[in-house]
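First the structure, in the form of structure tokens, and then the observations on it.
The values are calculated or read from the model by the stated rules, or taken from the named source; none is laboratory data. What you see is a predicted model; the values in this text were computed from it and never measured. All Cβ positions, glycine included, derive from the backbone under ideal geometry; neighbour counts span all protein chains shown. Ligands, DNA and RNA are stripped out before the accessible areas are found, and what is left, the full protein with its side chains, is counted by its heavy atoms. Shrake-Rupley method; radii C 1.70, N 1.55, O 1.52, S 1.80 Å.
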Amino acid sequence: MRLGYEQRLEKKAFKMSIVLMLRDLAPHDRAELIDKLVEGNFNIPYSPKSTLSRSVIYQWLREYNKNPKDFEVLLLKERKDRNTFRRISEEQKKALMRWRSENAARSTSELRDELLAHAITSKDPVPSAATIARFLCSVNLDRKTMRQGISVKVRLSYQAPYPQRIWLADTKGPNIKLRDAKNPGEVKIAKPILIEDDNSRFFPAVFYVFEENERVLMELFKKAIWAYGVPDIFYVDRGSPYMGNSLKRAATLLGCRIIHTAPRDAAAKGKVEKSMQYIYDKLETELLLKQPPPFLEEANEYLAALICQDYHRRVHSSTGQTPEERFFSFPPEYRRFVSEKTLSMIFLPYARSKVSKTGLIHLNKLQYLVPDAKLYRKWVQVRYDPSDLSRVHVWHDDNYYGVAEMYLEDNDYLKREQLLKQLGQIQQPLIPEVWEVPRYSHLERILAAHRTEFAEVNEEISRAKAQRSAVKATLIKTSATTKVSYPEFGPDAFTHLLAVLLKTSLDAHQRLSILTTWRTYGPFTEAMVRRTVGELLGQGHPVTDISGYLDALRLAAHFKKED
């Protein structure tokens, strides 16, 4: 049966697939692979056979080596203009990607009609629905891909139209350890917090901090606003320092809109991420080599010098201008500046509390009395200075109602007025003048009685000392004239002496052993008992071992008799 062109081409493609597997291998590896191919089964086009012989495989290799160009027609060649879609303009591509990413149900015909409906997308020839479908498939925005749940993020280039329009903020790290001036011997992990202008790539604020929280971020944001004005948009991620109510409330009062990135979308702030990489490469890699690590203040000083002297004065590759030149080209009259006093009030920490029926609000385990009775039983906004909790500032419906003082019983207005009223009803007695009554002498009388009693005690002590001296003199005189006889050292004295020397109480069994030793090996002298027991105690012999001490006394008495 004579094969047609397409059939011969398919058979030749099978041969080429085997040749491509073997042509670039070393001889040893090629022989091993040929052995595996010979043992395998294949679906050979238009052939009743399902196996390949070794001779056939080597024949195909010889044919390829003899005329490789004959096989090149089977190799897939990519077009140079593949996935360029010359019939679709850039404006049309951006529009199609945006419209389809918003809703996968929009058909290609509907998208084509939408291109015709807008002037910016219809000024060029509008492509056909088939071309639109191929383009969407090339960027993974076809219906099948989107409905399978594959996450497709459309990331189009964007730049704020003018400085002060969008500020980006992010925290990087931790990559560096710094010393704390409050605890010089302690090293902590520091993180840089960076605020960057989207249009000019200028840094309104950048600092290393030990603690990354809402309070630190608000302090940094406040300094940037005081120096350069209020931005229109503050673009941040969903970290805990950027999600607090205090920051949101302060931005609302300033007329600044806070926009958060999508969850787990770090690439949305690619500009600030790239700036963080610049800080790491130029500064942190150098600071890591310093021993000992620098203090936090020193690191911030290095950082400020690097940004002001190098980054802000270097031409940026994206804008073609230096960040400093581009940022300050924005006229000052178009910037929204706020006084430092107003900023200090706006950026106070924020809390929400309900006023009780007695006019009290609870905050930080303290109570404060609101200044206006209209606020009773209403929810209010409270701002406070963490360094001074004696007073707080109260707002309701964006109206400022003044300062609420800390509530104590001493400054309770109602109780104080009631007490003053009660005091006013009491008749004040007529107090005589000082010269009309004797001087009050209670303390003097107590002191006089104490001195009398102390003198009597001293007199009794003196008499007792005299009597003791007389008795002592009499005893000394008697002992000099008469000889005192002491009782003989017997078994009872021997038992008592052992109990005293060993500092323990003796039971009945131990007393019997001591008495038996005395009757068998005694009598012992007091001096020998003290010497023998003292030597054993000095050697650390346990006091509970009475038999050991008795054996030592028996041996001492035995050697004394032999002497």
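Tabulated data
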read-out	value
Selection status of S344, among the small types (G, A, S), open to solvent by 30 Å² or more (accessible area, probe 1.4 Å) and closer than 24 Å to T252 by Cα	yes
Qualifying residue in region 163-186 (condition: out of contact with any helix residue (DSSP H, G or I) (no Cβ under 8 Å at 6 or more places or on another chain) and at pLDDT 90 or above)	yes
Number of positions in region 301-325 that are modelled with pLDDT of 90 or more, of a type in the set (S, T, N, Q) and open to solvent by less than 50 Å² (accessible area, probe 1.4 Å)	1
Sole exception among (1) hydroxyl-bearing (S, T, Y); (2) at pLDDT 85 or above; (3) more than 30 Å from F234 (Cβ to Cβ); (4) in contact with a helix residue (DSSP H, G or I) (Cβ under 9 Å, 6 or more places away or on another chain) for S138, by number	(4)
Hits in region 75-107 (condition: among the polar types (S, T, N, Q) and at pLDDT below 75)	N83, T84
Which listed residue is surrounded by fewer than 17 Cβ atoms within 10 Å (Cβ to Cβ) and either closer than 21 Å to E340 by Cα or acidic (D, E) (or both), from G270, G255	G255
Candidate set from region 187-202 (those that are in contact with a Pro (Cβ under 8 Å, 6 or more places away or on another chain) and open to solvent by 10 Å² or more (accessible area, probe 1.4 Å)); member that is farthest from I176 (Cα to Cα)	R201
Scope region 247-262; condition assigned to a helix (DSSP H, G or I) and touching a helix residue (DSSP H, G or I) at 6+ places or on another chain (Cβ under 6 Å); matching residues	L247, A250, L253
Qualifying residue in region 468-491 (condition: more than 60 Å from the chain's Cα centre (by Cα), of a type in the set (F, W, Y) and at pLDDT 65 or above)	yes
Positions within region 450-461 being modelled with pLDDT of 80 or more and either open to solvent by less than 70 Å² (accessible area, probe 1.4 Å) or β-branched (V, I, T) (or both), in sequence order	T452, A455, N458, I461
Within region 347-391, considering residues that are outside any helix (DSSP H, G or I) and among the small types (G, A, S), the one most open to solvent (accessible area, probe 1.4 Å)	S387
Residue check for R238: farther than 16 Å from I346 by Cβ and out of contact with any Leu (no Cβ under 6 Å at 6 or more places or on another chain)	yes
From A205, A169, A224, A251, residue being in contact (Cβ under 8 Å) with a residue 40 or more places away in the chain and either touching a Pro at 6+ places or on another chain (Cβ under 7 Å) or closer than 21 Å to M345 by Cα (or both)	A224
Filtered residues of region 203-213 (kept if under 16 Å from the mean Cα position of the chain (by Cα) and open to solvent by 60 Å² or more (accessible area, probe 1.4 Å))	E211, E212
Yes/no for F330 being over 36 Å from the mean Cα position of the chain (by Cα) and assigned to a loop (DSSP other than H, G, I, E, B)	yes
